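Below is one structure, written out as structure tokens; comments come after it.
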Amino acid sequence: MAFNDLALWLLVISLGIQTGAGLFETRVLVPLWASSPPQSVLAYLAVPIRADSGRRLWIFLTPLTGIISLLNLVAALLYAGPARTWWLFAAASALFVIIVTFAYFIPVLLRLPDAAKMPEAQLTRMVRLWVLLNWFRFATLVAAWFAGLKAFAIALA
């Protein structure tokens, strides 16, 4: 198996896992704390045992996907085959999602434990904006995954 094939294969697999986990997070876990802010946030934080996918999954998966995406961006830039455009889009979009995650989404989540100290209107705005932008992040992730699958299909043809 050539390096490019392996790199693209890893990108498609990591984006597939990231997309599936992101769908579960968005549809199942996020509503637990974001369904009706600020009450839902405060109630979620008051529960002593709660889902913490950030420390159990995302802390490992997101940096790994970022490294794989960066590797694939370089590989796609050096590639001259017919899958190049799809591959570049997949790698660049995935890397964009990872950068935005570290620059915006994680810092906001790290502020949530101090939610009780925030004005209710500020907390509500912060949570609603996070949820709205998360849908755009998820759509970008899905587009990256589909583009990676398309590049993979073209490269194998």
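The values are calculated or read from the model by the stated rules, or taken from the named source; none is laboratory data. This one's a predicted model, so the numbers in the text were calculated from it and none came from an experiment. Glycine gets a Cβ as well: all are built from the backbone with ideal geometry, and neighbour counts include every protein chain shown.
Being in contact (Cβ under 8 Å) with a residue 24 or more places away in the chain, within 26 Å of residue 13 (Cβ to Cβ) and surrounded by fewer than 14 Cβ atoms within 10 Å (Cβ to Cβ) is not true of residue 113. Summed over region 117-144, residues that are surrounded by fewer than 15 Cβ atoms within 10 Å (Cβ to Cβ) and within 19 Å of residue 61 (Cβ to Cβ) total 1. Considering 94, 144, 139, 103, the condition of being within 16 Å of the chain's Cα centre (by Cα), free of Cβ contacts under 8 Å to residues at least 60 places away in the same chain, in a helix (DSSP H, G or I) and under 14 Å from residue 22 (Cα atoms) is satisfied by 139 alone. Of all residue pairs spaced 6 or more apart or on separate chains, none has beta-carbon atoms under 6 Å together with a first member in region 21-33 that is more than 16 Å from residue 133 (Cβ to Cβ) and a second member that is of a type in the set (Asp, Glu) and buried (at least 16 other Cβ atoms within 10 Å of the Cβ).
Here's the yes/no breakdown for (1) modelled with pLDDT of 95 or more; (2) over 30 Å from residue 157 (Cβ atoms); (3) touching a Ser or Thr at 6+ places or on another chain (Cβ under 6 Å); (4) among the charged types (D, E, K, R):
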| site | (1), (2), (3), (4) |
| --- | --- |
| 10 | yes, no, no, no |
| 40 | yes, yes, no, no |
| 65 | yes, no, yes, no |
| 77 | yes, no, no, no |
| 85 | yes, no, no, no |
| 118 | yes, yes, no, no |
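Take the conditions under 30 Å from residue 46 (Cα atoms) and free of Cβ contacts under 8 Å to residues at least 24 places away in the same chain and apply them to residue 108. Does it pass? Yes: the conditions hold for residue 108. Within region 41-52, being part of a helix (DSSP H, G or I), surrounded by fewer than 16 Cβ atoms within 10 Å (Cβ to Cβ) and within 23 Å of the chain's Cα centre (by Cα) holds for one residue alone: 45.
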